[in-house]
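These notes are about the structure you will find just below.
Each value in this text was obtained by applying a stated rule to the coordinates, not by laboratory testing. Just so it is clear, the model here is predicted, and its values are computed rather than measured. Positions of Cβ are generated from backbone atoms using ideal geometry, with glycine treated the same way; all protein chains shown enter the neighbour counts.
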Amino acid sequence: MKRLMHTCLPTFVFDARAEAERELADEIVALVRTKPETVLGLATGDTPVGVYRDLHRAHVARAVSFARASTFNLDEYLDLARDDPRRFRRWMEAHLFQHIDLPPENAHLPESTSSADDPVTVAERYEAAIRAAGGLDLQVLGIGRNGHLGFNEPGSSRASRTRVVDLHPLTRADAAGVFGGLEHVPKRAITMGVGTIFEAARLRVLAFGARKAEIVRRTLHDPMTSAFVSTFLREHGDVKLFVDREAAAQILDEHRAR
Ligand code: PGA
């Protein structure tokens, strides 16, 4: 692992993504061991999957218990049936929750569970629940190819709070495979806001693979702009960006050219 010098936010390049995943999982385990009531912010998708695998392993090895921890996920689709397997809650159960001893009532997502739920009220209650839990100690983040954090799509303000959002065309296109066609991808979601995410004490951001090389370069080198929400990350006081060599390719090229 190598720390890049002179970047606007602390950036660490790993030879393989598995090393980055281990580094973050080790940090989370250390945090939960020192503070069993840790409040974790979690993300879904391909990016964090290895971190959850390593947390599962650590739990099996009895290195950590999540019995007093709680979790808040970044986002959830709207307009999917409660038992739809593509809900992020189902994904979290399959990849993490069913493998660890986190009490089910401590695992939160910004979800409406029946058509009678008003999504605006769900979003407001989510903010209140995070506050009541004492705030997020550490938020795990991926970066979308359009720079989104959670479902804070291009144009989201730095001050935005948990709310209902329309999904960006690129986000929906990226999800088309999972849904068996673009026409089946939900159009709306509830996401924590940028302001909500930035209140986490630590932000740990992961980006892997060649398809993230351009957005990683923009995140570090573009002027701050809501057109690429990830450019706001440099404003957080305790943020780290973990990338593999493929995702770092464009920034490594620029560093070499200097
Ligand atoms: P991915 O997406 O993990 O599917 O690459 C990251 C994101 O969109 O935040």
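Between Ala94 and Glu214, the modelled labels are 2.9 nm apart [label points 7 Å from Cα along Cα→Cβ].
Membrane-span-like helices in the chain (whole DSSP H runs, Cα extent of at least 24 Å along the helix axis, mean Kyte-Doolittle hydropathy of at least -0.5): 17-34.
If R0 is taken as 45 Å, the Cβ-Cβ distance between Ala16 and Arg188 corresponds to a FRET efficiency of 0.80.
The modelled label-to-label distance between Ala132 and Ala63, using points 7 Å beyond Cα along the C-beta direction, is 3.4 nm. Peptide packing for 68-81, 125-138 was compared via the average number of neighbouring C-beta atoms within 10 Å per residue; ordered from the highest value, the list is 68-81, 125-138.
Taking every DSSP beta bridge that has both ends in the chain, the antiparallel portion is near 35%.
Using 0.36 nm per residue and subtracting the Cα-Cα separation, the extra length available between Arg258 and Ser115 on full extension is 45.9 nm.
Here the relative contact order of the chain, from alpha carbon pairs under 8 Å that lie six or more residues apart, stands at 23 percent. For the chain, the number of Lys pairs separated by eight or more positions or lying on different chains, with C-alpha atoms closer than 26 Å, is 5. For the range 114-138, backbone nitrogen atoms closer than 18 Å to the point 7 Å from Glu105 Cα along Cα-to-C-beta are found at 126, 129-134.
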